[in-house]
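Novice: I'd like to ask you about the structure that follows.
The values are calculated or read from the model by the stated rules, or taken from the named source; none is laboratory data. Please read these numbers as outputs of a predicted model, since none were measured by experiment. Glycine also receives a Cβ, built like all others from the backbone with ideal geometry; neighbour counts cover every protein chain displayed. Just the protein is used for accessible areas: all its heavy atoms, side chains included, with ligands, DNA and RNA removed. Shrake-Rupley method; radii C 1.70, N 1.55, O 1.52, S 1.80 Å.
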Amino acid sequence: MSNFYEYDFRLNGLDVDGRNQCKASALLNRLQNAATLAAEDGGFSRETLVERYGAFWMLARSWYRLSRPLRYEDKLAIRTWHRGGKGAIMYRDYDILANGQPVGESVSAWVLADLNTHKLVRLSAIPELEGTGGGELCKTMLLAKLRQPGDLAEAERRPMRYSDCDLNGHVNNTRYADFACDAVGMERLSQDRYLAEIQIGYLAECRPGETLTIQTSGLGDSRFVRGVGPEGKPRFESVLLFGEALV
């Protein structure tokens, strides 16, 4: 049996950049909206897990790939499902359709953490997950830790501010996509290029008042971006791959 949830919407002016391409942060936000709605529909929402198990979802890694840029007023459908409730990591898969045509896919890796201790909770402890996975729809891709190159160089120092944060009081994970795109100078990208693929690993929380050292490196169509906290430890890591916009 397959279970999936579909989230339909139209890209608006807040989703796209000055080149009329959907921003990575905006697409990641839409994907997470789909995940939130799917969890609510499946009976294992944040509110349910906090109330019944004193636990909450934490996003560990995210990835997506597009075959073409997404543009203003594209009508998108995100179909999403999870791969089951075993072990400590729950993978969620997504198919992305624009105007009825497949244009991309995404995978995210989530962990369940204790609300007070932040220790990981095994997914088997949550019976609501049983029988709600995607079945034969499930993808096989796993999101491994990124191998960053050794020649990363400081690009900027970026203060974390009030506007970067969400209801948890720390920097929202979609903001790291903005940091990465800013660091590689997306505004200088020619009209025939677009961000075709991105993976982000979320290593540690950031809070207002902290300053991240943003480091970058690049080879060909790939760009690596890492954010390092004031204590010298990485807070996020990412890789961006660019492609040719044929349409």
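Novice: Return yes or no: is Thr140 β-branched (Val, Ile, Thr), out of contact with any strand residue (DSSP E or B) (no Cβ under 7 Å at 6 or more places or on another chain) and open to solvent by 40 Å² or more (accessible area, probe 1.4 Å)?
Specialist: yes
Novice: I need a count of the residues in segment 187-212 that are aliphatic (A, V, I, L, M) and open to solvent by 30 Å² or more (accessible area, probe 1.4 Å).
Specialist: Number of matching residues: 3.
Novice: Looking only at segment 46-103, filter to residues that are touching a strand residue (DSSP E or B) at 6+ places or on another chain (Cβ under 7 Å) and assigned to a helix (DSSP H, G or I); which one of those is nearest to Asp166 (Cα to Cα)?
Specialist: Arg46
Novice: If you scan segment 9-44, which residues turn out to be closer than 26 Å to Ser190 by Cβ, of a type in the set (Gly, Ala, Ser) and touching a strand residue (DSSP E or B) at 6+ places or on another chain (Cβ under 7 Å)?
Specialist: Selection gives Ala24 alone.
Novice: While we're here: Evaluate segment 176-183: report whether one residue or more is open to solvent by less than 30 Å² (accessible area, probe 1.4 Å) and touching a Phe, Trp or Tyr at 6+ places or on another chain (Cβ under 7 Å).
Specialist: Looking for residues that are open to solvent by less than 30 Å² (accessible area, probe 1.4 Å) and touching a Phe, Trp or Tyr at 6+ places or on another chain (Cβ under 7 Å), one finds at least one in segment 176-183, hence yes.
Novice: Follow-up question, since we're still on this one. State whether one or more residues within segment 198-215 are free of Cβ contacts under 8 Å to residues at least 24 places away in the same chain and touching a strand residue (DSSP E or B) at 6+ places or on another chain (Cβ under 7 Å).
Specialist: no
Novice: When segment 150-160 is examined, which residues are found to be open to solvent by 40 Å² or more (accessible area, probe 1.4 Å) and not basic (Lys, Arg)?
Specialist: Correct list: Gly150, Asp151, Ala153, Glu154, Ala155, Glu156, Pro159.
Novice: Right, something else. Here are Val103, Val111: which of them is more than 30 Å from Arg10 (Cβ to Cβ), at pLDDT 90 or above and of a type in the set (Val, Ile, Thr)?
Specialist: Val111
Novice: Keeping to segment 1-43, report how many residues are of a type outside the set (Asp, Glu), outside any loop (DSSP other than H, G, I, E, B) and touching a residue at least 12 places away in the same chain (Cβ under 8 Å).
Specialist: Qualifying residue count, segment 1-43: 22.
Novice: So Val239 passes all but one of these: (1) β-branched (Val, Ile, Thr); (2) buried (at least 16 other Cβ atoms within 10 Å of the Cβ); (3) over 19 Å from Ala24 (Cβ atoms). Which condition number does it fail?
Specialist: (3)
Novice: Look at segment 56-89 and say how many of its residues are on the phi > 0 side of the Ramachandran plot and either small (Gly, Ala, Ser) or under 17 Å from the mean Cα position of the chain (by Cα) (or both).
Specialist: 2
Novice: Looking at Thr132, Thr117, which one is of a type outside the set (Gly, Ala, Ser), buried (at least 17 other Cβ atoms within 10 Å of the Cβ) and assigned to a loop (DSSP other than H, G, I, E, B)?
Specialist: After ruling out the rest, the residue left standing is Thr132.
Novice: Mind checking whether some residue in segment 139-151 is touching a Phe, Trp or Tyr at 6+ places or on another chain (Cβ under 9 Å) and assigned to a helix (DSSP H, G or I)?
Specialist: No, segment 139-151 contains no residue that is touching a Phe, Trp or Tyr at 6+ places or on another chain (Cβ under 9 Å) and assigned to a helix (DSSP H, G or I).
Novice: Filter segment 61-100 down to residues that are closer than 18 Å to Ala39 by Cβ, open to solvent by 30 Å² or more (accessible area, probe 1.4 Å) and among the small types (Gly, Ala, Ser), then give me how many there are.
Specialist: Count: 1.
Novice: If you don't mind, there's one more thing I want to ask. Restricting attention to segment 161-175, and to residues there that are polar (S, T, N, Q) and in contact (Cβ under 8 Å) with a residue 40 or more places away in the chain, which single residue is surrounded by the fewest Cβ atoms within 10 Å (Cβ to Cβ)?
Specialist: Ranking the candidates gives Thr174 first.
Novice: Looking at Phe9, Phe44, Phe56, which is the one that is of a type in the set (Phe, Trp, Tyr) and buried (at least 20 other Cβ atoms within 10 Å of the Cβ)?
Specialist: Result: Phe44 is the single residue among Phe9, Phe44, Phe56 that is of a type in the set (Phe, Trp, Tyr) and buried (at least 20 other Cβ atoms within 10 Å of the Cβ).
Novice: Could you identify the single residue in Arg147, Arg235, Arg207, Arg175 that is under 20 Å from the mean Cα position of the chain (by Cα) and under 15 Å from Trp63 (Cβ atoms)?
Specialist: That would be Arg147, the only listed residue that is under 20 Å from the mean Cα position of the chain (by Cα) and under 15 Å from Trp63 (Cβ atoms).
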